[in-house]
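Colleague: Sharing a structure with you now.
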Amino acid sequence: MIDPITARTWSYRALFFALVLVLAIARLIPTGGAAGGLPGPDLILALTCAWVLRRPAYVPAWLVVAVFLPLDLMLHQAPGLGALAVLLVTEFLRRRQALSRALPFSLEWALVAVVLLVAVAGMQLVLGLFFLPRPPLGLDVIRAIFTAAVYPLAVLFTVYVCKLRKASPGEVDALGARL
Amino acid sequence: MARDRQDIDYVSPLRRIGVGLLIVLCVGVFLLWRIDSPRVERVRSELLDAVVPRFEWMSVPVRRMGEMVADFQSYQRLHAQNRDLRRELQQMKAWREAAVQLEQQNAKLLALNNVRLDPKLTSVSGVVIADSGSPFRQSILINVGARDGVIDGWATMDGLGLVGRISGVGDNTARVLLLTDTTSRIPVTILPSGQRAMLTGDNTAAPLLGFLDDVALIQPGDRVVSSGDGGLFPPGLLVGQVAQGADQRLRVRLSADYERLEFLRVLRSHAAEVIDGEGDLLIPPQLPPAPTLPDPDEAEDQSADASGDG
């Protein structure tokens, strides 16, 4: 029999995968939005950030790459670059996860917003260096701001629907180490 | 971190190596794509080919929902819409009269001429199954592909106008790069003046007209059709009408209904003929040497010509 903590970890990983799948399909479905207008927020990225800052163990780095590399291909972006950006963002947030536990939510929100903007700048820079067609800088920044704006919603969803909270001070993981 | 120093930590160095490997993997994929783009693009279209058709059933209810929301929104401007519609109807009546007259005229001319439309231009019809999913890429996926004989570069139309061209073919799906995408460049002709121009997508609903010879000859409302330059598209496909944007640049209002792309026709183009000889001298066909001598009259004429020249 699988011990309950491992089962819980893996079922949350599966849940994460399923959520991303649903969001990705929702983006792929032709809803008839024509060109022009403002780009919508990147819900998948907001959800990923919220999960990493709640329970990093449920969104390990390999899962991030396994999810975002095919997404790059399916959403017709530069393959590898988007996954790399998300991986670096999540690793950065993961390092600061212990710190963010002590922070009020507003500071966590600001942290995520800044990280998303830096990621946009980095991707624009890399695309420019490789002479690749870049999305317009203004729209890309607006998109990052929208993503940051829906971040609280992603957190609410994570906390109240997925029941993921930040680890409380005394909590231990499967091997008995402190989280 | 204090915890790391207390007990020997085996996990975090391993983790760091793992993350490093993942970073190398992502960079590798990116560089591979940059170096050998066609191969990675083929992987991409095969992935889409495998994944997207499985979720087609989901798209129907979501699309219906979107239509319902749009319908509901349209109730809010019912009054204004009603007035507009009445005025439009009035215009339509005038147009219908014109159309009927033109139809009669056309029927007469056709009978007179016995014109047939180019029989080479047959088409495959497909249904739109997915969007590009990214706000910066304007492309759609349709459910016909290499199995139906679709080839990269073919023109795609909806019922009325040009929509884009095939760019990436999977076995059962094909990607259509829309005219509004930033990488789309189409040679066009602007009709009454016959000027050639380049239609350049810029991620807005109305693509830009570039490389124009003489802007003064062009007026908003002129028809824009594909020119067939470069052998990319068959010439004469309707693209749209010239319009002047808010930024005073000439744009094209597309005839195809980009808000509701559902069924598309992929036109089977055939490779344009290429003239590759240098062109020979035009020499009258050589007759076999005449068995009889030329008669004296002709000889006299020739000598007269020669003396006239001299």
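Colleague: Looking at the square roots a ≥ b ≥ c of the eigenvalues of the Cα gyration tensor of region B:28-84, which shape do they give, rounded for a/c under 1.5, prolate if a/b is larger than b/c, or oblate?
Modeller: Prolate shape, in that a/c is at least 1.5 and a/b is the bigger ratio.
Colleague: Which of these, B:S12, B:S125, B:S184, has the largest mean-square fluctuation under a Gaussian network model of chain B (Cα springs below 10 Å)?
Modeller: Of the options given, B:S12 has the highest mean-square fluctuation.
Colleague: Which of B:L110, B:L287, B:L232 moves most in a GNM of chain B, Cα contacts under 10 Å?
Modeller: Checking each option, the largest mean-square fluctuation is seen for B:L287.
Colleague: Using only Cα atoms and rounding to the nearest 10 degrees, what angle (0 to 90) does helix B:296-309 make with the longest principal axis of chain B?
Modeller: Around 70 degrees separate the two axes.
Colleague: Here is a follow-up. So for chain B, taking the charge dipole from beta-carbon charges (+1 Lys/Arg, -1 Asp/Glu), which of B:L162, B:P289, B:V144 sits furthest toward the positive end?
Modeller: B:V144
Colleague: How large is the convex hull of the Cα atoms of the protein assembly as shown per residue, expressed in Å³ as a whole number?
Modeller: Values: hull volume 139.2 nm³, N = 489.
Per-residue hull volume (Cα only) is 285 Å³.
Colleague: Just to be sure I understand the model, the point goes 7 Å from the Cα along the line to the Cβ. What's the resulting A:A149 to B:Q286 distance in nm?
Modeller: For the pair A:A149/B:Q286, the computed spacing is 8.2 nm.
Colleague: Can you find, among A:A57, A:I2, B:T182, the residue farthest towards the positive end of the dipole of the protein assembly as shown? Put +1 on the C-beta of Lys and Arg, -1 on that of Asp and Glu.
Modeller: A:I2
Colleague: Right, another one. Taking only the Cα atoms of region A:1-92, how large is their convex hull per residue, in Å³?
Modeller: Working: hull volume 9.9 nm³, N = 92.
Considering the Cα atoms of region A:1-92, their hull volume per residue is 108 Å³.
Colleague: Same structure again: Placing unit charges on C-beta atoms (Lys and Arg positive, Asp and Glu negative, everything else neutral), compute the dipole magnitude of chain B about its Cα centre in debye, rounded to 20.
Modeller: In debye, rounded to 20, chain B gives about 2740.
Colleague: Continuing with this model, one more query. So, counting K/R as plus one and D/E as minus one, what does the shell of residues with Cβ under 14 Å around B:F55 add up to?
Modeller: Every neighbour counted, the sum reads 0.
Colleague: Could you give the angle, 0 to 90 degrees to the nearest 10, between helix B:37-51's Cα long axis and the longest principal axis of the Cα atoms of chain B?
Modeller: 70 degrees
Colleague: Please give the contour-minus-distance gain from A:R13 to A:A26: 0.36 nm per residue of separation, less the Cα-Cα distance, rounded to one decimal in nm.
Modeller: 2.7 nm
Colleague: Could I ask something else about it? Could you calculate the contour length gain from B:N82 to B:A107, that is, 0.36 nm times the residue separation minus the distance between their Cα atoms, to one decimal place in nm?
Modeller: Extending this stretch completely gives an extra 5.4 nm.
Colleague: How compact is region B:197-245 by the rule of thumb for globular proteins, expressed as Cα Rg over 2.2 N^0.38 Å?
Modeller: Taking N as the residue count of region B:197-245, the ratio is 1.15.
Colleague: Still on this structure, please answer the following. Given points 7 Å out from each Cα along the Cα-Cβ axis, report the B:A205 to B:Q73 separation in nanometres with one decimal.
Modeller: 1.0 nm
Colleague: Next up: Fewest Cβ neighbours within 10 Å first, please rank B:R251, B:R15 accordingly.
Modeller: B:R15, B:R251
Colleague: Report the label-to-label distance for A:R95 and B:W95 in nanometres (one decimal), using points 7 Å from each Cα along the Cα→Cβ vector.
Modeller: 6.2 nm
Colleague: Please find the FRET efficiency linking A:A110 to B:I17, where r is the Cβ-Cβ separation and R0 is fixed at 35 Å, and quote it to the nearest 0.05. Kindly include the intermediate steps, with their values, before the conclusion.
Modeller: Details: r = 32 Å, r/R0 = 0.91.
Efficiency for this residue pair is about 0.65.
Values quoted throughout were computed directly from the atomic coordinates according to the rules given, and no laboratory measurement underlies them. Everything quoted here is computed from the prediction, not taken from an experiment. Here Cβ is always computed from backbone atoms with ideal geometry, including for glycine, and neighbour counts include all displayed protein chains.
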